[in-house]
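To start, the structure itself, in structure tokens.
The values are calculated or read from the model by the stated rules, or taken from the named source; none is laboratory data. Only a predicted model underlies this, so the values are computations on that prediction, with no experimental measurement involved. As a convention, Cβ positions derive from the backbone with ideal geometry for all residues, glycine included, and neighbour counts pool all protein chains shown.
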């Protein structure tokens, strides 16, 4: 089995170095060929020397560095696919530059790939939050699902796909570069793969870890995230189902979130006078619902936020 893992990075040298180190320390079966492709999506090749120095001292995996100066997440991912395909791989993997792979990550994937007949395998992300995380913030836990459970789509945070999905003599799919600053191009990509017949499944044992920076534990950041996730979801479904189909299927969902948030926000403010911790938790839930509903509404009106014009380099 030939496996190429790709990682795209931009202006996050410390977390990227930790990610890279976790990949070169992987343990995997001797009959597996493992290569690593790094694409730096920045004006200047700031990480080239570090990556190439590591490549000289590392017997396995083989490491290839590429510089992509045209800024945009899907542009970088497409460059990574082009470089990865030169290895003629069976599988192409994706990991984010702010994640660290468990030492058995690759071996767990190989075991799943050989036992589960799927075209795309999505694994879990375990989040590590700082001690300063506010008590009102509900922390997402690692997902546990049966390996082999069929999914509608996937992300590139911890995913492997059969290379035919990207190869010219296969599906020939590329990431949508019109979504260069919006986020969500990975979900959109795997929705298209599924629409073309690719089967997406869960793999429960191939784990990566993400340390969440303190900047992401503010109410404003959480509101912004809820807004853009909803906008991306509607944008993707508009391409698949058309405007009227998307409104019919998702309109009630986002209208309900706006209504829920609008009702719960003043209620949470009143509860805070009596029991501040409970009121803060309720406010957090209310504001996320309201932001999600507004994000969905904006996308119905063809407005799409572009949070990735700037870099979260924490």
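A few points about this structure:
- Residues in the stretch 179-214 that are part of a helix (DSSP H, G or I) and closer than 27 Å to residue 258 by Cβ: 179, 185, 186, 187, 188, 191.
- Reported count of residues in the stretch 105-142, each being without any contact (Cβ under 8 Å) to a residue 60 or more places away in the chain and within 14 Å of residue 210 (Cα to Cα), is 3.
- Annotation: residue 217 fulfils all but one of (1) touching a strand residue (DSSP E or B) at 6+ places or on another chain (Cβ under 6 Å); (2) surrounded by fewer than 20 Cβ atoms within 10 Å (Cβ to Cβ); (3) touching a residue at least 60 places away in the same chain (Cβ under 8 Å); the unmet one is (1).
- Residues within the stretch 28-42 that are within 26 Å of residue 212 (Cα to Cα) and either surrounded by fewer than 23 Cβ atoms within 10 Å (Cβ to Cβ) or not assigned by TED's automatic domain parsing to the domain that holds residue 106 (or both), tallied: 1
- Answer from 20, 85 - the residue that is within 21 Å of residue 125 (Cα to Cα), touching a residue at least 12 places away in the same chain (Cβ under 8 Å) and touching a helix residue (DSSP H, G or I) at 6+ places or on another chain (Cβ under 7 Å): 20
- Residues in the stretch 264-305 that are more than 23 Å from residue 247 (Cβ to Cβ) and in a loop (DSSP other than H, G, I, E, B): 275 only.
- Complete set of residues in the stretch 27-43 that are more than 21 Å from the chain's Cα centre (by Cα) and assigned to a loop (DSSP other than H, G, I, E, B): 27, 28, 29, 30, 31, 32, 43
- Qualifying residue in the stretch 68-76 (condition: under 22 Å from residue 163 (Cα atoms), crowded, with 17+ Cβ neighbours inside 10 Å and out of contact with any helix residue (DSSP H, G or I) (no Cβ under 9 Å at 6 or more places or on another chain)): yes
Residue by residue, here is whether (1) in the same structural domain as residue 22 (by TED's automatic domain parsing); (2) touching a strand residue (DSSP E or B) at 6+ places or on another chain (Cβ under 8 Å); (3) in contact (Cβ under 8 Å) with a residue 24 or more places away in the chain; (4) crowded, with 16+ Cβ neighbours inside 10 Å holds:
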residue	(1), (2), (3), (4)
226	no, no, yes, yes
242	no, no, no, no
246	no, no, yes, yes
256	no, no, yes, no
262	no, no, yes, no
267	no, no, no, no
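- Test: residue in the stretch 192-213 that is closer than 30 Å to residue 147 by Cβ, touching a helix residue (DSSP H, G or I) at 6+ places or on another chain (Cβ under 9 Å) and not assigned by TED's automatic domain parsing to the domain that holds residue 165: no
- Verdict on residue 84 being in a strand (DSSP E or B), in contact with a strand residue (DSSP E or B) (Cβ under 8 Å, 6 or more places away or on another chain) and crowded, with 17+ Cβ neighbours inside 10 Å: no
- Residues that are under 21 Å from residue 39 (Cβ atoms) and either in contact with a helix residue (DSSP H, G or I) (Cβ under 9 Å, 6 or more places away or on another chain) or not assigned by TED's automatic domain parsing to the domain that holds residue 81 (or both), drawn from the stretch 92-115: 92, 93, 94, 95, 96, 97, 98, 99, 100, 101, 105, 106
- The set of residues in the stretch 145-177 being touching a strand residue (DSSP E or B) at 6+ places or on another chain (Cβ under 8 Å) and outside any loop (DSSP other than H, G, I, E, B) consists of 150, 151, 158, 159, 160, 161, 162, 163, 165.
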